[in-house]
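The values are calculated or read from the model by the stated rules, or taken from the named source; none is laboratory data. Because the structure is predicted, anything quoted here is derived from the model rather than measured. With ideal geometry, Cβ positions are generated from the backbone for all residues, glycine too; neighbour counts draw on all protein chains shown. Heads up: the accessible areas ignore ligands, DNA and RNA and are worked out on the full protein's heavy atoms, side chains in. Shrake-Rupley method; radii C 1.70, N 1.55, O 1.52, S 1.80 Å.
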Amino acid sequence: MKEIRTIEGQLVATDLSFAIVATRFNDFIVDRLISGAVDYLVRHGADPDRMTIVRVPGAFEMPLIAKKMAGSGKYDGVIALGAVIRGGTPHFEYVAAEATKGLALASLESGVPVGFGLLTTDNIEQAIERAGTKAGNKGVEAAAAVLETVQVLRQL
Ligand code: INI
């Protein structure tokens, strides 16, 4: 069979600029996501001088800032990091849904990859598990996905 041309992103972050939008809400979790994302990018060649971290109050505020940074022309990729943890009211659903939709829109409207590193969990234990303990680190996953997508986009 003839070989089919396949495009894949190399996980090389040299010469790329990144913005991280991270919430202050649940910062004891989110700080671990930031560490994971930064560590991943640096280990793949990114220059810390070409990274900017912006702290926002909560997940609801992430889309606006992600959109602004993605559209600024200064960054190859944006990584959104936060944690929405279910409480006793429907508030969780509204915040998680709006943040998710808004981040997707920020990416589609700007044409710049926006990584979805927003934990949405039923409780704090599940969030801790996904912030660098037994279920990995969602910040690392989001950074890896952005890097790969940036490198795919550059070839299209
Ligand atoms: N923001 C979060 O980032 N995580 C949450 O778990 C959360 N809960 O549960 O309420 C949360 N709420 C704040 C929200 O994102 C806004 O900052 C706030 O409503 C002001 O606009």
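Observations
- Counting only protein chain heavy atoms and rolling a 1.4 Å probe, the accessible areas of 89, 23 rank, largest first, as 89, 23.
- Along the chain, longest interval not containing exposed trypsin sites (Lys or Arg not before Pro), exposed being DSSP loop plus at most 10 other Cβ atoms within 10 Å: 6-133
- Folded to 0 to 90 degrees: helix 91-110 orientation relative to the chain principal axis, Cα: 20
- The range 108-131 and the range 1-72 have their alpha-carbon centroids 12 Å apart.
- Degrees, to the nearest 10: 27-43 long Cα axis against longest axis of the chain: 10
- Solvent-accessible surface ranking, highest first, for 15, 49 at 1.4 angstrom: 49, 15
- Here the range 43-92 is assigned +1 on the Cβ of each Lys and Arg and -1 on the Cβ of each Asp and Glu. Its dipole about the Cα centre then comes out at about 100 debye.
- Unit charges on C-beta of K, R, D, E only; dipole of the range 1-149, Debye: 120
- Each DSSP beta bridge with both residues in the chain is either parallel or antiparallel, and the antiparallel ones are about 10%.
- Entry note, the chain: relative contact order of 32 percent, from Cα contacts under 8 Å with a spacing of 6+ residues.
- Long-range lysine pairs (8 or more apart or interchain), the chain, Cα under 30 Å: 8
- Furthest towards positive pole of dipole, 17, 45, 73, structure part the range 9-97, Cβ charges: 73
- Cα gyration tensor, the range 20-156 - rounded (a/c under 1.5), prolate or oblate: oblate
- Around the Cα centre of the range 89-156, unit charges on the Cβ atoms of Lys, Arg, Asp and Glu (plus for the first two, minus for the last two) sum to a dipole of about 220 debye.
- Charge-dipole axis of the range 113-156 as Lys and Arg at +1 and Asp and Glu at -1 on Cβ define it, positive-most pick from 144, 128, 117: 144
- Helix axis angle, 138-153 relative to the chain longest principal axis, alpha carbon, degrees: 30
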